[in-house]
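Each value in this text was obtained by applying a stated rule to the coordinates, not by laboratory testing. Being a predicted model, the structure only gives us computed values, none of them experimental. All Cβ positions, glycine included, derive from the backbone under ideal geometry; neighbour counts span all protein chains shown.
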Amino acid sequence: MKWTVFFVLFLMTLAAPTLAADEINYTSQPDELVIFLNNIAYARDTISLPGDVDVRLILPSQIYPDTLILRENDERIPAYRLTQGADGQIAVQWQSTAQGEVREVTAEYLLSGVGWAPKYDMWLGDEDATTVDLDFFAEIRNAALSLDEVSVRLVAGRVDSSQMLNNISTVTANQYLAGYMSPQTSSGQSLTGEATIQHVYTLGSVTAEPGEAVYTRLQESTLPARRVFLWNAPSDQQVTAIYKVTNESELPFAEGIVRIYQDDLFLGSDFVELTPIGSEGSITVGRLQNVRVNRTETQTAVEATFGTRSDRDTLHEITLSLSNFGDEALEIEVVDRYSPLALDFVFGQEPAREGDNVLRWIATVEPGATVDIRYEYKD
């Protein structure tokens, strides 16, 4: 009897390696990545596997597990199991029903730790130049996984990660306005997050290890530009020099930071908004040191009569003063804001009225001269 039990155990020991050989451990390494600005990427991994072998697919620890989509031979896998080990790695297993000697498996998921940012370098010519030179680079930051000749697209947009971390679905105001039918029963749902996409840049193949940053130039251009001098009187103590750059390149410019250079000197940095092809982007390059500006305002209580009723108003008297200590005439846009309750305007020089209670003047200030813009109103 003891010999029989020993012989059975011996046979079971011989069979174990055979069973282990029928299972493959495969670590997912994406073939394609779509990278967003806020350190989130959408990955797709395509794997060819023998049809008669069970698979234990190891996923990156940075994935959002509830975004995983598995397919075999273009059919969605109906049931699978995720297991997270002590080392943080996530393994997925499923019972294959695919027929044939080879099956194509695709895994798609969102993961954190991979992001990108636009990087702009702008060179100015002389003060009268009507063009600027602009280099547009993509900075790809990888803190998640090894990338080996991965096909990459860059999205000028962000994924709303707060929705991915919120496991209870909520109905937005826009859904109600569009016509929302309440379900008879409700249950928690896991959301994948709303994505805002302004533009998609096709980059090509990228190789990078965790901790590396990869820089790739997307565009090199000489672009039309015009210089604008602007004084925002309610908030600024100096006149700002802004370059309005027309995007005549082949790509829209995603919002990002522009570093500015002139005569082999670094002048500073500024934010540039999303600039579609054919539109203008605004880039601040500095302040005018040879122009002094000053905004003064006096407020006086005045008696107002409305029929048989008397009331008190406040009279606002504003002076916007610009002095040019340079040696050339300057055309300066002057912007001021007034109270939403303002009435009875009196202008020494008529402005253009814009939204958000904005007044705008164009002032030409000769060398050594001072220009005063005066107006008043009541509220």
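The figures follow:
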{"item": "Under-5 Å amide H pairs with ARG56, H placed in peptide plane, nonlocal only", "result": "ILE24, ASN25, TYR26"}
{"item": "FRET efficiency estimate (nearest 0.05) - Cβ-Cβ, GLU250 to THR46, R0 35 angstrom", "result": "0.70"}
{"item": "Theoretical FRET efficiency, 1/(1+(r/R0)^6), r = Cβ-Cβ of TYR26 and GLU75, R0 22 Å, to 0.05", "result": "0.70"}
{"item": "Per-pair calculated FRET efficiency, R0 = 56 Å: GLN84 and GLU303 via Cβ, rounded to 0.05", "result": "0.15"}
{"item": "Within region 207-317: Cβ-based charge dipole about Cα centre, in debye rounded to nearest 20 (Lys, Arg +1; Asp, Glu -1)", "result": "420"}
{"item": "Karplus 3J(HN,Hα) series, Hz, for region 43-56 with 6.51 cos²θ - 1.76 cosθ + 1.60 (x for Gly, Pro)", "result": "10, 9, 10, 10, 10, 9, 10, x, x, 10, 10, 6, 10, 10"}
{"item": "Mean separation of Cα contacts under 8 Å (6+ apart) over length of region 333-379, as relative contact order %", "result": "50"}
{"item": "Highest-first arrangement of 128-137, 323-332, where packing means the average Cβ count within 10 Å", "result": "128-137, 323-332"}
{"item": "Label-point separation, VAL200 to GLN95 (7 Å along Cα→Cβ), nm", "result": "3.7"}
{"item": "Footprinting exposure proxy for HIS316, HIS199 (fewest neighbouring C-beta atoms within 10 Å first)", "result": "HIS199, HIS316"}
{"item": "Sequence-distant residues sharing a close amide H with ASP31 (under 5 Å, placed H)", "result": "ARG44, ASP45, THR46"}
{"item": "Chain lengthening between ASP344 and ALA213 when straightened (0.36 nm per residue, less Cα-Cα)", "result": "41.2 nm"}
{"item": "Size of electric dipole in region 333-377: Cβ of Lys, Arg +1 and of Asp, Glu -1, about Cα centre, debye, nearest 20", "result": "60"}
{"item": "Rg followed by Dmax, in Å, when region 291-378 is reduced to its Cα trace", "result": "15.8, 58"}
